[in-house]
Each structure stands twice: as structure tokens, then as C-alpha cells.
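The values are calculated or read from the model by the stated rules, or taken from the named source; none is laboratory data. Worth saying up front: this structure is predicted, and the values here are computed from it rather than measured. All accessible areas refer to the heavy atoms of the entire protein, side chains included, with ligands and DNA or RNA removed. Shrake-Rupley method; radii C 1.70, N 1.55, O 1.52, S 1.80 Å.
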Amino acid sequence: MAPKEWKPIKLDEEECLNLSDILVSFSAPITEQHAWAIIFQSMKSLLCTLEGNFDWKCIVTRFQDILVTKNGDIHTNTFTKQTPDRSPMKSTASSVAELGVVVYDALDYNLPEEEERQLSQELENLLDTMTSADDEASDSENSDEGIDNQADRLETDLVLQVLKQCRHHLAVEGEADEHYRGVCRALVNESLELCSFMARVSSKSQANMDFEDELQA
């Protein structure tokens, strides 16, 4: 049987790896530590997006939408890169909710259908806060229709709430920025190194098989 062919993954023009490439490289789900870091860094990126002057904003619905830089940040293109298959951001709440769904799916990536991953209660609570955000925002809009400034403030508060939960997860909250950036940076580096190593192993195995075929010919 021919060995599995491993194709090295590369950083894109913005020096990012998308989450899909990362998952494929490990052939395994992300860890809880990765999930906390991706959520924290994504919320920081979303906050920058909301405060910035971007012509178009979009929601995250797929692994490949999440772009992790080699420095451990989540690139703003995660929420601003316009492609025909991406949906526009109608609200901050919907963006937070969809991100929560994608991270949850990444925690289950490549697991057998009958296997249910057990998450810590703290992470479950965070993901519940995120995935239910859209419903809560809709209820708020129905009760406070026409009060745009209040709606904007509530949605910003939602992002800050998620960031606060991520900081509270650590023993020293003040180390959150450095810690979570380091986790994402290591995730990118390890993914690149693993794919590069496996590609070399695959190439060597294929060369050995070709050599054996020549000897048997």
C-alpha cells in the first residue's frame, strides 16, 4: 500500500495558517487550551474590527475562516476578508455565536461519531454564552427596537464579557494576552513543523518503495 502523501502547508501572504490546515496537519481536534486561546484572540480581533474602518465585515462559519498569524494573533481578515461564499456580519452577537459553533466543532474534529468529547464545565459555560448570544441579542432588539446606541453598547459588552471569562480562566488574569498569544503561536509553529516532518517521511518512504520496485523488476 502506498504511504499517505503529506503536503506541506504554508503561511499565506499575511503569514497566517487557517484553522482547517491546522486541524488537518494534526488529524486531531484542538485541545481545550487551544480553544480558550483561539476564542480570546478572536474576540480581540473582533473588537479591533468593530472599532476599525472596514468596508465589509463577515461572520466565521468554517474552520478556514479563522486565520492564526505566526505571531499568535487572529488576523482581522478573519472577520473582514470578503469572498463570494462568506456571509456578511449582521450583528456582533451573530459573529460571536457562529465563532462559538466553529470552535466547538474543532474540539470534536475527526472524532468517531459514537465518541462524545467531555469538556470542562468552565469551557462549556463559555461556549454556551457564545452560542446563545444571537438569541439573547434578538430578544433585546425586540424589546428595545430603535435604540441603536444601546444595542451597539450591549454587543460590545458581549465581546468584553467573553474576554473577561477567558482572563478569569487563568490563575493570573494579567498574563492573559501573553499566554493566549503564546498558545496560538505554538499551535502554528507545531503545525508547520509536523507537516514538514511528515512530508519528508512520506517522500523517503515513497523513495524506498520505488527502490524496492526497481530491485524486483
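Please list PHE40, PHE26, PHE63, PHE197 from largest to smallest accessible area, probe radius 1.4 Å, with all protein chains kept in place.
Highest to lowest solvent-accessible surface, that is PHE197, PHE26, PHE63, PHE40.
So who's got an amide H within less than 5 Å of the one on CYS58, skipping anything under 5 residues away but keeping other chains? H placed 1.01 Å off N, in plane.
It is THR80, MET89, by chain and number.
Enumerate the calculated ³J(HN,Hα) couplings along segment 92-100 in order (Karplus 6.51 cos²θ - 1.76 cosθ + 1.60, θ = phi - 60°), each rounded to whole Hz, writing x wherever the residue is Gly or Pro.
Taking θ as phi minus 60°, the curve returns 5, 4, 5, 5, 5, 5, 5, 4, x Hz for segment 92-100.
What are the ³J(HN,Hα) values, in whole Hz, obtained from phi via the Karplus relation 6.51 cos²θ - 1.76 cosθ + 1.60 with θ = phi - 60°, for each residue of segment 41-52 in sequence order, with x given for Gly and Pro?
Each residue's phi maps through the Karplus curve to give 5, 5, 5, 5, 5, 5, 4, 5, 5, 5, 8, x Hz.
Could you go through segment 16-33 in sequence order and give the Karplus-derived ³J(HN,Hα) for each residue, using 6.51 cos²θ - 1.76 cosθ + 1.60 with θ = phi - 60°, rounded to whole Hz, and x for Gly and Pro?
So the J values, rounded to whole Hz, are 10, 10, 8, 5, 4, 4, 5, 5, 5, 5, 8, 6, 7, x, 6, 8, 4, 4.
For LEU67, list long-range residues whose amide hydrogen, built 1.01 Å from N in the peptide plane, is under 5 Å from its own amide hydrogen.
HIS75, THR78
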